[in-house]
Amino acid sequence: MERFKNIINQLEQQDLKRSLKSIENNTDGYCYYNGQRMLNLSSNDYLGLATNIELQKEFMNHMVSNPHWLSFGSGSSRLLTGNTNLYDETEASLQNWYKSESAIFFNSGYHANMGILPALSEKTDLILSDKLCHASIIDGIRLSNADHVRYRHADYEHLESILKKRRHQYDKVFIVSESVFSMDGDAVDLQQLVTLKEKYNAILYVDEAHGVGALGKTGLGLCEEQNVVNKIDIIIGTMGKAMASVGAFAILNQTLGQVLINKARTLIFTTALPSINMAWSKFIIDKMPAFSIYREHLKNLSAQCNQNINNLGFNVSQSYIIPIVVGENKIAVTLAEHLQSKGYLVFPIRPPTVPQGTARLRISLTANLNPHLLNPFIHEVKSYLVQELHLS
């Protein structure tokens with residue numbers, strides 16, 4: 001037990017110790033933390049749907065005429081009795097939305113990324129992943145038997161150099177990337193990845209966790225915004241962010257879908273989600289194309305906030321995910337604590353979530369925020385950096 005105590009002590013000394021936070025959400029972009037009402041700048045509920053009372057009331061009205069939705073436990077895996085008709089209906093809605101051959105629903109984005117690549121790849125295959133891919137993707141790759149090489153973040157020349165050198169050595173090659181990266185907010189050039197996958201006969205796997213719902217005319221994500229939906233072999237979407245629910249899904253062809261049903265351990269060996277969750281997910285999916293007003297507001301809000309952050313000397317994209325990179329862990333912790341004392345819910349992001357020396361605040365914008373509330377926040381950030389850290 002002493003060894004584990006030493007681990008905790010070491011994390012404290014490195015300003016890396018984490019703890020669970022008790023948050024009470026509200027409906028207008030605010031929440032309660034430590035008894036204080038704060039502007040929530042840490043949520044991935046990008047469209048503000050998870051706390052939308054009117055949307056919840058509409059769903060409850062539908063539930064009155066569908067009492068079979070009111071089930072809070074499935075009692076079994078999907079391959080036994082857990083695959084209720086709501087799973088079939090939800091996957092059909094996803095297929096219709098993406099115009100795809102198949103859609104497979106998972107319990108979470110972590111389940112999807114942990115299970116799909118091990119199910120589809122073999123020892124004779126190679127997986128090429130962006131260096132900044134999410135931990136769930138990395139863990140899925142580790143569970144596979146395939147060889148693995150990381151290419152420099154969003155460096156398509158580096159990716160092609162690996163393909164040129166090594167493609168002929170393998171049966172299948174997977175190119176794996178996020179669409180919008182979770183800690184930096186930058187978007188990849190999906191057309192570049194499509195071009196490379198076609199040129200080298202590879203399978204393109206794109207995780208749209210932070211794109212689906214928030215981007216694209218109908219909310220399909222960055223793949224819709226860049227007009228490559230039908231050119232990506234495997235699209236992963238999560239329900240837990242802009243989609244305001246729980247679970248995740250894979251969009252792919254029928255053959256790959258059948259392989260997952262038979263080989264994806266994270267699909268086979270876990271209890272299915274309850275009917276109430278699947279009903280809400282289907283409800284959100286079916287309504288998502290109509291939420292363009294929220295996406296447009298989020299886009300405008302992001303542009304305004306990013307411009308003001310850039311004026312402070314930070315180099316950020318036009319995303320709703322805004323990293324304020326301060327470098328040292330302790331600076332990130334103290335800046336977050338200062339902003340919390342001023343009524344802004346932000347948290348420090350530190351290694352191993354981000355690379356060493358890039359500790360930051362990760363500002364997450366949502367469509368239920370009012371633009372005028374962000375200027376005082378940016379002023380507080382600037383004041384602290386100037387007064388406490390002597391930065392200009």
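Some notes on this structure:
- For the range 5-90, a Kirkwood radius taken over Cα pairs fed into Stokes-Einstein (20 °C, viscosity 1.002 mPa s) yields D = 124 µm²/s.
- Entry for semi-axes √(5λ) of the Cα gyration tensor in Å (calculated from the structure that is shown) out of (1) 33, 28, 21; (2) 60, 24, 15; (3) 31, 25, 22: (1)
- With a Förster radius of 56 Å applied to the C-beta separation of Asp15 and His68, the computed FRET efficiency comes to 0.65.
- Average projection, convex hull of the Cα set of the range 136-175: 3.1 square nanometres.
- Environment charge at Lys299 (Cβ cut-off 15 Å; Lys +1, Arg +1, Asp -1, Glu -1): -1
- Phi-derived couplings, Karplus 6.51 cos²θ - 1.76 cosθ + 1.60 at θ = phi - 60°, listed residue by residue for the range 203-209: 9, 9, 10, 10, 8, 9, 3 Hz, with x used for Gly and Pro.
- Between Met1 and Glu198, the contour length at 0.36 nm per residue exceeds the Cα-Cα span by 65.6 nm.
- Cross-link check: pairs Lys99/Lys241; Lys342/Lys382; Lys199/Lys263; Lys21/Lys330; Lys57/Lys99 evaluated at a Cα-Cα cut-off of 24 Å; pairs beyond the cut-off: Lys199/Lys263; Lys57/Lys99.
- Theoretical ellipticity at 222 nm over the chain - DSSP helices of four or more residues, -39500 (n - 2.57) apiece, nearest 500: -12000 deg cm²/dmol
- Positive-end residue, the chain charge dipole about Cα centroid, Cβ charges, pick of Leu215, Leu374, Leu190: Leu190
- Estimated FRET transfer efficiency when R0 is 41 angstrom, pair Asn26-Leu143 (beta carbons, to 0.05): 0.55
- In nm, spacing of pseudo-spin labels at Leu373 and Ala290 (7 Å Cα→C-beta vector): 2.5 nm
- Taking other C-beta atoms within 10 Å as the exposure proxy, Ile268, Ile232 rank Ile268, Ile232 from fewest upward.
- Of the residues Leu159, Ser108, Leu126, the one whose Cα sits farthest towards the positive end of the charge dipole of the range 98-172 is Leu159 (charges of +1 on Lys and Arg Cβ, -1 on Asp and Glu Cβ, taken about the Cα centre).
- One quarter of the surface of the convex hull around the alpha-carbon atoms of the range 40-97 equals 6.0 nm², the direction-averaged projected area.
- Cβ-placed point charges (K, R +1; D, E -1), dipole of the range 1-114 about Cα centre in debye, nearest 20: 440 debye
- Charge dipole magnitude, Cβ of K and R +1, D and E -1 - the chain, Cα centre, debye nearest 20: 600 debye
- Gaussian network model of the chain, springs between alpha carbon atoms under 10 Å - residue of Glu337, Glu380, Glu12 with greatest fluctuation: Glu12
- Largest GNM mean-square fluctuation among Leu196, Leu159, Leu143, using the chain with Cα springs under 10 Å: Leu143.
Laboratory data are not the source of any read-out in this text; all were calculated from the coordinates shown. Values in this document were obtained by computation on a predicted structure and should not be read as measured data. Here Cβ is always computed from backbone atoms with ideal geometry, including for glycine, and neighbour counts include all displayed protein chains.
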